[in-house]
Structures are given as C-alpha cells and as structure tokens.
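What follows is a short report on a single structure.
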Ligand code: NI
C-alpha cells in the first residue's frame, strides 16, 4: 500500500502548499483536510480527499475534492484521471449536462473533470465538480452521472477494472473478518440476562428506572454502514447516527434506512470542519446544507453534533436559531485512533454508565466489527439500548446534552 500512501500524502502536501501560498494577513485563515471512502469492494478501495480552505477570498471557502483508487492485491494506485481515456469527451458530456441544468455555460477543463470520478454498482460513472471548479456559478458541488453504456467508451483499462469491481459489489477483502467463534467482548457473568430486557416491541423505555445507554455512530454513512445496520437489526438495538451531509447526499438510501429501521439520525455538518474556526454564516451553511440533504432522504432532526465536539457560544447561537440542540458524548471509545476491535470494545464497556452517550464511528471497519461484542457485553451488564432522543427527551434549542 506504500504507493497509495504516497499518493495520498502527495495530494495533501499539494493542498497545504496551495493554502500556504494563498494565506493572507488580517483574516482568519483556515485549512481543513479530510478523507472518506467512496468505494470498498473486492480488492479495490476508493478514497476521496477533501480540502477546505479559507484565506479571505470574497468567494468564501474553497473546497476541492480528489479521488484516488487502489487495488490492494497488487498495490497499484490510480488517480481518477488515470481511469479516463477520453477526458475531452467526458468534459463535453459534463458540459452539456450542466448547460441543460442551467448551471453554467462554460466548458469545464478536461483536467478538472478528471479529478473526482466515482463508480456506481450499475456501471455508471459520476463526475463531481467542486463549487469553484470550472467557472461554476453554482452554490454547491455538482455531480454529473454518465450512464453505463457511455461510461464504457471513455474508461481506460484500469478504469474498467475499477468499474467491474464496483459492479461486482463484493465484500471488501482488504479487511480481515472476525474469526469464526471468537468474540471481542469479554465474557460477562454466566447468569447474565440475554436478549432484550425491555418489554414488548414498542414499549417505551423509562431511563429513570433502567440502565439506558445510547450508542452513537458519527461521520457516515460509508461503505460499512449497511453492515452495521444489519448487526443492529440482528441484535434488536436502536442507535443514533450523526451523519455528514456530504455523505448523506451521496447515500440517501442508507440515511432513509436508518430512520426506517428505528434509529435516530442527527446532523454532523456538511464536511466536518471545526465549527468555532468558522464565521457565523459558514457555520449556518454547514448546518443548513446538511439539513437539506437529510430532508432529501426523508429525515428531520433537531440534534447537531459539532465535529470534534468543538463548540462555543457562536455555534450554540447559530444552532439554536435553527432549532438544533447540541449532542456531545460521555464515553469516547477512540475507535478512530485505535482501529482495534478489542480496544474499542474494552473502552466502550469500561466507560459505560447508566445514561451515557457512547461515541463510535461507522466509517471504520474495526468499529463495525466491534459492535456485536459491545452490544453483548453491555447487555450482559444489564444495559438497555436507546436512541439519543429516547435518552434526553425533548431538547432545548442551543442547549448541550452529553459530556457535561
Ligand atoms: Ni465526526
């Protein structure tokens, strides 16, 4: 995976250089670089790197997104551009789609069209143009989907390889599964109650009388979220998902499924910035775009989790004005840091107390692997799983819950 690591590091270095060159005195310069998985199937992994910077430009924050792909079996790495044989043809199609949608009438440069290409299970490809790319006057990123038949004509041989992997939609083989028969959960007392200690389906849980606990999953939806939803359904556990708006917009079906299956869904901003570093209107934009993406998926919520748990009076005021309460957490599993099933499980169990909100991230395969063991371990200790709304009840806009 070295070459993939190097390619990712190269992308980040280029963004840092660009930011440093554009820094200005007297304004709050901000750079945030994040990443997310866009494809994980068979031996193929797709990683999107998003850079978000503000250096005083009157156009506001600049966001650029690039997507890299690798085949972990032979450690080959490709940029999106490597996958496109006919960038000019692709640019013409994108341009004509944007014209028809009345987004812009400028022909995007072929190299811009090739920085972020995604692959669908139906063999289609989607070209994502960031807000400031290609002379767009749009207020947001733009995605143009090319149907499978046309897509086949503009892909290179590696591009067809990635497309075929996306179509196969196989389980990602780069992550070892849990060995059969092993459980990451430490053994509970042998006389421990097993199963759901609540009453019949639909009975409200009274957290004043039973030991409630709320599992929360941040930063998705992602490639492992569907598996997590299956695990939660198998265990009959309702949880709370704080989704990133950009991911929710890309995977609305998963967001709809969360709500349909009884989970609570909250707002975790559009692209996960440190909110206190932003101007009030940028904070509002982060929240509002995510509200819209959730609404598109059929979900409304009054719960906001500020990224990194970082908040201040301005964030509280902007959130409160939109009817949002802020939800932090009581138990930090540090799953994003340890990336280890046993450690994540142990931290969840060690930190648990009645009424606690537990922080997990469904974008890490190790976390998703840990969840059945966490549930079994907490159940063995008598805990009842509830969503955050069930735990905190009706919320007060602007107020903070958890982590007090
Ligand atoms: Ni987060």
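The values are calculated or read from the model by the stated rules, or taken from the named source; none is laboratory data. Note that the coordinates shown come from a computational prediction; the quantities given were computed from them, not determined experimentally. Positions of Cβ are generated from backbone atoms using ideal geometry, with glycine treated the same way; all protein chains shown enter the neighbour counts.
Quick look at the numbers
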{"read-out": "Residue 266 vs. criteria modelled with pLDDT under 95, under 30 Å from residue 54 (Cβ atoms) and within 14 Å of the ligand (Cβ to nearest atom)", "value": "no"}
{"read-out": "Qualifying residues in segment 303-322 (those that are closer than 11 Å to residue 287 by Cα and assigned to a loop (DSSP other than H, G, I, E, B)) - the one nearest to the ligand (Cβ to nearest atom)", "value": "305"}
{"read-out": "Residue match in segment 30-51 (condition: over 29 Å from residue 224 (Cα atoms), touching a strand residue (DSSP E or B) at 6+ places or on another chain (Cβ under 8 Å) and either exposed (fewer than 14 other Cβ atoms within 10 Å of the Cβ) or touching a residue at least 24 places away in the same chain (Cβ under 8 Å) (or both))", "value": "yes"}
{"read-out": "Pick from segment 235-245, criterion touching a residue at least 60 places away in the same chain (Cβ under 8 Å) and surrounded by fewer than 22 Cβ atoms within 10 Å (Cβ to Cβ), ranking: nearest to the ligand (Cβ to nearest atom)", "value": "238"}
{"read-out": "Any pair with Cβ under 8 angstrom, 6 or more apart, that starts in segment 301-316 at a residue that is farther than 14 Å from residue 398 by Cα and at pLDDT 95 or above and ends at one that is within 9 Å of the ligand (Cβ to nearest atom) and assigned to a loop (DSSP other than H, G, I, E, B)", "value": "307/268; 307/269; 307/272"}
{"read-out": "Residue list for segment 211-233, restricted to those being out of contact with any helix residue (DSSP H, G or I) (no Cβ under 8 Å at 6 or more places or on another chain) and assigned to a helix (DSSP H, G or I)", "value": "230, 233"}
{"read-out": "Residue ranges of strands (runs of 3 or more DSSP E) in segment 1-106 with at least 2 members at pLDDT below 90 and either farther than 24 Å from residue 282 by Cα or in contact with a helix residue (DSSP H, G or I) (Cβ under 9 Å, 6 or more places away or on another chain) (or both)", "value": "30-41, 44-54, 62-71"}
{"read-out": "Among (1) away from the ligand (no atom under 16 Å from the Cβ); (2) under 30 Å from residue 284 (Cα atoms); (3) surrounded by fewer than 23 Cβ atoms within 10 Å (Cβ to Cβ) - the single one residue 379 does not satisfy", "value": "(2)"}
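Residues checked against (1) modelled with pLDDT of 85 or more; (2) over 28 Å from residue 365 (Cβ atoms); (3) within 16 Å of the ligand (Cβ to nearest atom); (4) touching a strand residue (DSSP E or B) at 6+ places or on another chain (Cβ under 6 Å):
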| residue | (1), (2), (3), (4) |
| --- | --- |
| 164 | yes, no, no, no |
| 185 | no, no, no, no |
| 218 | yes, no, yes, yes |
| 225 | yes, no, yes, no |
| 233 | yes, no, no, no |
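Quick grid of which residues meet (1) in contact with a helix residue (DSSP H, G or I) (Cβ under 6 Å, 6 or more places away or on another chain); (2) part of a helix (DSSP H, G or I); (3) more than 16 Å from the ligand (Cβ to nearest atom):
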{"site": "247", "(1), (2), (3)": "no, yes, no"}
{"site": "253", "(1), (2), (3)": "no, yes, yes"}
{"site": "262", "(1), (2), (3)": "no, no, yes"}
{"site": "273", "(1), (2), (3)": "no, no, no"}
{"site": "293", "(1), (2), (3)": "yes, yes, no"}
